[in-house]
Amino acid sequence: MDSGLRIWLLRCPLPRPPTTHAAKASGDTVKRRHFLIGAGTAGCAPAWAQGTPQAARPPGPQPTARLTFGLISPRDPEVMLKNWNPFLDRMALATGTAIDRRVFGAADEIVKEFAAGSMDVAWLGNAAALDIVEMGVGSVFATMVNQGKASYRSILIVPRDSKLRDLEDLIRTAPQLRFGDGDEKSASGHLVPMYFAFVKKGVIDPAGLFREVRRASHEANLLAVAKGEVDVATNNTSELDNLRSRRPADAAKIRVLWESPDIPESPMVWRTELPQQLKQRIASFTYGFGTKDPEEKRILWDINKLTGWRQSSNRQLITIANLEMFKASQQIMRDPGLSEKERMQKAGAVMQRGSRMEQLLRSTS
């Protein structure tokens, strides 16, 4: 915690084609697609989940329930679902459940599904997981291990031939620059760079610093920098590594200007009210997946260059809670419509929320 600053802690339906809501672009805002894939869709669930005769079913637990699994998509949602399906198919076998798969372009949509009780398990970012935990409808139980690491870094990227050489250059020339920001609920795409790259350098309103701000996904921001459509953008080391593997020519056009401190990798969250025995089966499957079997290792690698899943808890969200509370307090201080009394009242409410959140995150999940 910085000196002089107090940062408060914060079912398996009949087969049907995927429903896709086309992205809408308005001004500088880009909204990614969101679609639902039912467990009955080809490739999304084992054949036995759709009425295969008992004799043809594989040994092991048979489906007696249905789970809805949500995924946040930083890249192409169809490709992401294809990569996750083998893992989720095996989870269905191991837990004796049928699994519906839903892919979202915005983290807020997954949070709303948890709040409505229509989401059981999800893989998403730390900031959105914090919302779910704070509402009391879910908790963190696992975190991804990416190439042996359970953390990654937020980065600011620029075109390879950019004249910008460091953060000081960026801040000094920002009024002439186009900035590619991320989802406001993205830790690496927004919260972390906002605080560590800008606020700690004395920039209270990073968005107001630039000539133009565009908000998009990690992949869209990577490609926008590679094509010279923005001068600087947020991203993270994992997504840049993925681009280097998939599109090395585009990755070669990008240079990292700044890196953050380590951030915990994205967690897996389950609904609080899931039966305890089902939670135990999910956890046992997840922690053990890919530890020995070569095919499972390949499946993990295809997901996101994963090498495993590590047991985790709500404690991994403490850093993000700090940033969220700081963001909330800064918004109050910058609001010109508040009287001094109103500002103090709202700031006090943020302090109380931070105290409750700290106690919640440090308690046993």
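The values are calculated or read from the model by the stated rules, or taken from the named source; none is laboratory data. Source: prediction; values computed, not measured. Cβ sites come from the backbone with ideal geometry, for glycine too, and all protein chains shown count toward neighbours. These accessible areas exclude ligands, DNA and RNA; they are computed on the full protein's heavy atoms, side chains included. Shrake-Rupley method; radii C 1.70, N 1.55, O 1.52, S 1.80 Å.
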Which is farthest toward the positive dipole end of the stretch 60-167 among L156, A128, G105, measuring Cα position about the Cα centre, with Cβ charges +1 (Lys, Arg) and -1 (Asp, Glu)?
L156
Going toward the positive end of the dipole of the stretch 250-296, with +1 on Lys and Arg Cβ and -1 on Asp and Glu Cβ, which of V256, F289, T272 do you reach last?
T272
If the reach is capped at under 20 angstrom between alpha carbons, list the lysines near K227, excluding any in the same chain fewer than eight residues apart.
K31, K163, K253
Ranking K185, K346 from most to least accessible area with a 1.4 Å probe gives K346, K185
Place a label point 7 angstrom from the Cα of R246 along the Cα-to-Cβ direction, then list the residues of the stretch 288-313 whose backbone nitrogen is under 13 Å away.
302-305
Stretch A207-S363 to full length: gain in nm at 0.36 nm per residue minus the Cα-Cα span?
52.6 nm
Listed highest first by mean packing, meaning other Cβ atoms within 10 Å per residue, what order do 296-309, 313-326 come in?
313-326, 296-309
Accessible area (Å², 1.4 Å probe, nearest 10) - K82:
150
With only Lys, Arg, Asp and Glu charged, each at its Cβ (+1 for the first two, -1 for the last two), find how big the charge dipole of the stretch 263-365 is about the Cα centre; round to the nearest 20 debye.
180
